[in-house]
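Take a look at the structure below.
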Amino acid sequence: MNILLVEDDPRLSVLIRRGLEEEQLTVRVAPDGREGEQLALSQPFDLIILDVLLPERSGLEVLAAIRHHDPDVPVLMLTALGTTTDKLQGFGGGADDYLVKPFDFAELVARVRALTRRASPTPKGSRLTFADLVLDVPSRTVTRAGQALRLTAREFNLLELLLRHPGRVLSRSEIAEHGWDEAFDAGSNVIDVYVSYLRKKVDHGFDQKLIHTVTGAGYVLRQE
(Lines give C-alpha, C1' and ligand atoms only; values in the text may rest on other atoms or scores of the structure.)
Protein backbone atom coordinates (compact mmCIF):
# COMPACT_ATOMS: atom_id res chain seq x y z
CA MET A 1 0.00 0.00 0.00
CA ASN A 2 1.58 3.24 -1.18
CA ILE A 3 0.49 6.39 0.68
CA LEU A 4 1.29 10.07 0.11
CA LEU A 5 1.29 12.21 3.26
CA VAL A 6 1.21 15.98 2.67
CA GLU A 7 1.99 17.57 6.04
CA ASP A 8 4.12 20.61 6.89
CA ASP A 9 4.66 19.81 10.59
CA PRO A 10 7.90 17.78 10.51
CA ARG A 11 7.38 16.25 13.94
CA LEU A 12 3.86 15.10 13.14
CA SER A 13 4.80 13.81 9.70
CA VAL A 14 7.57 11.68 11.24
CA LEU A 15 5.16 10.24 13.81
CA ILE A 16 2.53 9.44 11.20
CA ARG A 17 5.04 7.97 8.80
CA ARG A 18 6.62 5.72 11.42
CA GLY A 19 3.24 4.60 12.70
CA LEU A 20 1.92 3.72 9.24
CA GLU A 21 5.15 1.95 8.31
CA GLU A 22 4.67 -0.21 11.41
CA GLU A 23 1.35 -1.18 9.83
CA GLN A 24 3.30 -2.39 6.76
CA LEU A 25 2.35 0.65 4.67
CA THR A 26 4.75 2.60 2.46
CA VAL A 27 4.64 6.35 3.07
CA ARG A 28 6.03 9.22 0.97
CA VAL A 29 6.04 12.61 2.69
CA ALA A 30 5.66 16.03 1.06
CA PRO A 31 6.32 19.05 3.35
CA ASP A 32 4.24 21.60 1.42
CA GLY A 33 1.33 21.88 -0.96
CA ARG A 34 3.35 22.46 -4.10
CA GLU A 35 5.49 19.35 -3.68
CA GLY A 36 2.47 17.35 -2.58
CA GLU A 37 0.59 18.31 -5.73
CA GLN A 38 3.55 17.48 -7.95
CA LEU A 39 3.91 14.03 -6.38
CA ALA A 40 0.18 13.33 -6.47
CA LEU A 41 -0.04 14.16 -10.17
CA SER A 42 3.13 12.37 -11.23
CA GLN A 43 3.02 9.10 -9.26
CA PRO A 44 0.30 6.55 -8.45
CA PHE A 45 -0.78 6.33 -4.81
CA ASP A 46 -3.34 4.10 -3.11
CA LEU A 47 -4.27 6.87 -0.68
CA ILE A 48 -3.42 10.53 -0.07
CA ILE A 49 -3.47 12.07 3.43
CA LEU A 50 -3.70 15.82 3.04
CA ASP A 51 -3.47 18.74 5.47
CA VAL A 52 -5.41 21.92 4.67
CA LEU A 53 -3.18 24.66 6.08
CA LEU A 54 -0.05 24.13 3.98
CA PRO A 55 2.69 26.46 2.72
CA GLU A 56 3.02 27.16 -1.03
CA ARG A 57 -0.46 25.80 -1.87
CA SER A 58 -3.41 25.11 0.41
CA GLY A 59 -4.68 21.58 0.85
CA LEU A 60 -7.97 22.53 -0.85
CA GLU A 61 -6.06 23.77 -3.90
CA VAL A 62 -4.08 20.54 -3.97
CA LEU A 63 -7.29 18.55 -3.62
CA ALA A 64 -8.84 20.36 -6.60
CA ALA A 65 -5.78 19.53 -8.73
CA ILE A 66 -5.87 15.89 -7.61
CA ARG A 67 -9.56 15.53 -8.43
CA HIS A 68 -9.08 17.08 -11.87
CA HIS A 69 -6.32 14.54 -12.52
CA ASP A 70 -7.79 11.48 -10.77
CA PRO A 71 -11.37 11.34 -9.43
CA ASP A 72 -10.88 7.93 -7.82
CA VAL A 73 -7.82 8.01 -5.56
CA PRO A 74 -9.01 8.15 -1.92
CA VAL A 75 -8.15 11.41 -0.13
CA LEU A 76 -8.26 11.82 3.65
CA MET A 77 -8.13 15.39 4.93
CA LEU A 78 -6.15 15.58 8.20
CA THR A 79 -6.39 19.07 9.64
CA ALA A 80 -7.00 21.24 12.69
CA LEU A 81 -9.96 22.90 10.93
CA GLY A 82 -12.89 21.04 12.42
CA THR A 83 -16.11 23.00 12.00
CA THR A 84 -18.99 21.58 9.97
CA THR A 85 -18.35 24.29 7.38
CA ASP A 86 -14.71 23.19 7.09
CA LYS A 87 -15.75 19.55 6.68
CA LEU A 88 -18.35 20.36 4.04
CA GLN A 89 -15.79 22.41 2.17
CA GLY A 90 -13.45 19.44 2.19
CA PHE A 91 -16.12 16.95 1.13
CA GLY A 92 -17.38 19.40 -1.48
CA GLY A 93 -13.89 19.61 -2.93
CA GLY A 94 -13.78 15.85 -3.34
CA ALA A 95 -12.35 14.52 -0.07
CA ASP A 96 -13.45 11.01 0.90
CA ASP A 97 -12.89 11.40 4.64
CA TYR A 98 -12.05 14.12 7.15
CA LEU A 99 -10.17 13.67 10.44
CA VAL A 100 -9.59 16.56 12.83
CA LYS A 101 -6.36 17.13 14.77
CA PRO A 102 -5.58 16.18 17.47
CA PHE A 103 -6.55 12.60 16.64
CA ASP A 104 -6.13 9.09 17.94
CA PHE A 105 -3.63 7.20 15.79
CA ALA A 106 -5.69 4.01 15.95
CA GLU A 107 -8.58 5.93 14.40
CA LEU A 108 -6.32 7.20 11.61
CA VAL A 109 -5.24 3.65 10.81
CA ALA A 110 -8.87 2.45 10.85
CA ARG A 111 -9.89 5.16 8.41
CA VAL A 112 -6.93 4.46 6.14
CA ARG A 113 -7.87 0.77 6.05
CA ALA A 114 -11.55 1.58 5.39
CA LEU A 115 -10.76 3.96 2.55
CA THR A 116 -8.38 1.57 0.83
CA ARG A 117 -10.88 -1.29 1.14
CA ARG A 118 -13.56 0.83 -0.50
CA ALA A 119 -11.18 1.85 -3.27
CA SER A 120 -10.63 -1.81 -4.21
CA PRO A 121 -14.06 -3.37 -3.94
CA THR A 122 -15.03 -6.89 -4.93
CA PRO A 123 -18.83 -6.64 -4.78
CA LYS A 124 -21.42 -8.89 -6.37
CA GLY A 125 -22.15 -7.75 -9.90
CA SER A 126 -19.54 -5.79 -11.75
CA ARG A 127 -21.85 -3.76 -14.00
CA LEU A 128 -24.90 -1.98 -12.61
CA THR A 129 -27.50 -0.29 -14.81
CA PHE A 130 -30.63 1.73 -14.21
CA ALA A 131 -32.45 3.56 -17.01
CA ASP A 132 -29.62 5.09 -19.06
CA LEU A 133 -27.20 5.12 -16.10
CA VAL A 134 -24.33 2.58 -16.15
CA LEU A 135 -21.79 1.99 -13.37
CA ASP A 136 -18.87 -0.36 -14.01
CA VAL A 137 -17.27 -1.53 -10.76
CA PRO A 138 -13.90 -2.91 -12.01
CA SER A 139 -13.06 0.20 -14.03
CA ARG A 140 -14.86 2.53 -11.58
CA THR A 141 -16.49 4.41 -14.44
CA VAL A 142 -19.98 5.87 -14.70
CA THR A 143 -21.90 6.98 -17.78
CA ARG A 144 -25.35 8.37 -18.37
CA ALA A 145 -26.76 8.20 -21.90
CA GLY A 146 -23.22 7.41 -22.98
CA GLN A 147 -21.83 10.54 -21.35
CA ALA A 148 -18.97 9.96 -18.88
CA LEU A 149 -19.51 11.29 -15.35
CA ARG A 150 -16.52 12.21 -13.21
CA LEU A 151 -17.25 11.16 -9.63
CA THR A 152 -15.12 11.22 -6.52
CA ALA A 153 -14.53 7.89 -4.76
CA ARG A 154 -17.22 8.69 -2.17
CA GLU A 155 -19.73 9.79 -4.81
CA PHE A 156 -19.03 6.57 -6.72
CA ASN A 157 -19.65 4.44 -3.61
CA LEU A 158 -22.83 6.35 -2.82
CA LEU A 159 -24.16 5.87 -6.35
CA GLU A 160 -23.22 2.19 -6.26
CA LEU A 161 -25.24 1.80 -3.06
CA LEU A 162 -28.28 3.42 -4.69
CA LEU A 163 -27.89 1.27 -7.81
CA ARG A 164 -27.81 -1.90 -5.74
CA HIS A 165 -31.17 -0.94 -4.20
CA PRO A 166 -33.23 0.71 -6.98
CA GLY A 167 -36.69 1.76 -5.91
CA ARG A 168 -35.86 1.35 -2.23
CA VAL A 169 -35.70 4.37 0.06
CA LEU A 170 -32.34 4.40 1.85
CA SER A 171 -32.27 6.25 5.15
CA ARG A 172 -29.39 8.50 6.12
CA SER A 173 -28.34 5.98 8.76
CA GLU A 174 -28.17 3.20 6.14
CA ILE A 175 -26.09 5.38 3.86
CA ALA A 176 -23.83 6.28 6.77
CA GLU A 177 -23.38 2.62 7.70
CA HIS A 178 -22.34 1.64 4.18
CA GLY A 179 -20.35 4.66 3.11
CA TRP A 180 -19.17 6.74 6.03
CA ASP A 181 -18.11 4.24 8.71
CA GLU A 182 -16.81 5.94 11.86
CA ALA A 183 -16.23 9.17 9.93
CA PHE A 184 -19.93 10.04 9.89
CA ASP A 185 -21.13 12.76 12.25
CA ALA A 186 -24.83 12.08 12.86
CA GLY A 187 -25.35 15.68 13.90
CA SER A 188 -24.25 17.14 10.58
CA ASN A 189 -25.88 17.37 7.15
CA VAL A 190 -22.86 15.92 5.33
CA ILE A 191 -24.88 13.10 3.73
CA ASP A 192 -27.54 15.52 2.46
CA VAL A 193 -24.88 17.74 0.95
CA TYR A 194 -23.06 14.81 -0.61
CA VAL A 195 -26.26 13.46 -2.16
CA SER A 196 -26.79 16.94 -3.58
CA TYR A 197 -23.34 16.87 -5.18
CA LEU A 198 -24.08 13.46 -6.71
CA ARG A 199 -27.52 14.50 -7.94
CA LYS A 200 -26.05 17.49 -9.77
CA LYS A 201 -23.62 15.22 -11.63
CA VAL A 202 -26.12 12.45 -12.40
CA ASP A 203 -29.28 14.45 -13.18
CA HIS A 204 -28.02 17.82 -14.43
CA GLY A 205 -29.01 18.37 -18.05
CA PHE A 206 -31.40 15.40 -18.19
CA ASP A 207 -35.18 15.70 -18.31
CA GLN A 208 -35.68 12.47 -16.36
CA LYS A 209 -34.39 12.74 -12.81
CA LEU A 210 -33.15 9.58 -11.11
CA ILE A 211 -32.10 10.55 -7.57
CA HIS A 212 -34.99 11.69 -5.38
CA THR A 213 -35.48 12.88 -1.82
CA VAL A 214 -38.21 11.27 0.25
CA THR A 215 -38.93 13.84 2.94
CA GLY A 216 -38.29 12.52 6.42
CA ALA A 217 -37.16 9.12 5.11
CA GLY A 218 -34.05 9.37 2.92
CA TYR A 219 -33.14 8.97 -0.74
CA VAL A 220 -34.20 6.68 -3.57
CA LEU A 221 -33.14 5.85 -7.12
CA ARG A 222 -36.21 5.76 -9.37
CA GLN A 223 -37.51 7.09 -12.67
CA GLU A 224 -39.85 10.06 -12.50
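The values are calculated or read from the model by the stated rules, or taken from the named source; none is laboratory data. All values reported here derive from a predicted model rather than from experimental measurement. With ideal geometry, Cβ positions are generated from the backbone for all residues, glycine too; neighbour counts draw on all protein chains shown. Surface accessibility is based on the protein's heavy atoms, side chains included, excluding ligands, DNA and RNA. Shrake-Rupley method; radii C 1.70, N 1.55, O 1.52, S 1.80 Å.
A 1.4 Å probe run over the protein chains yields, for the chain, 47 Å² of accessible area per residue, whole-number rounding.
Note on the stretch 27-81: Rg/Rh from Cα positions, Kirkwood definition for Rh, rounded to two decimals, is 0.91. Counting pairs of alpha carbon atoms under 8 Å apart in space and at least six apart in sequence, what relative contact order in percent does the chain give? In percent, rounded to a whole number, it is 14. Once C-alpha pairs closer than 8 Å and six or more residues apart are averaged by separation and normalised to the residue number of the stretch 16-109, the relative contact order reads 24 percent. Based on the alpha-carbon gyration tensor of the stretch 23-115 and its eigenvalue square roots a ≥ b ≥ c, which shape applies: rounded if a/c is under 1.5, prolate if not and a/b is larger than b/c, or oblate? Verdict is rounded for the stretch 23-115. Rounded, prolate or oblate, given the Cα gyration tensor of the chain, with a/c below 1.5 counting as rounded? Prolate is the answer for the chain, as a/c is 1.5 or above and a/b outweighs b/c. Both the radius of gyration and Dmax for the stretch 58-161 are 15.0, 45 Å, in that order, over alpha-carbon atoms. Take each peptide in 40-51, 90-101, 209-220, count the other Cβ atoms within 10 Å of every residue, and average; sorted highest first, the result is 90-101, 40-51, 209-220.
Take the solvent-accessible surface of the protein heavy atoms, probe 1.4 Å, and return the percent of it on the stretch 7-158 that carbon and sulfur atoms account for. In the stretch 7-158, the share of accessible area belonging to carbon and sulfur is 50 percent. Which listed residue (58, 106, 74) has the Cα farthest towards the positive end of the charge dipole for the stretch 40-122, taking +1 on Lys and Arg C-beta and -1 on Asp and Glu C-beta about the Cα centre? In the stretch 40-122, that residue is 106. When +1 charges are put on Lys and Arg Cβ atoms and -1 charges on Asp and Glu Cβ atoms, the dipole computed for the stretch 30-176 relative to its Cα centre reaches about 660 debye.
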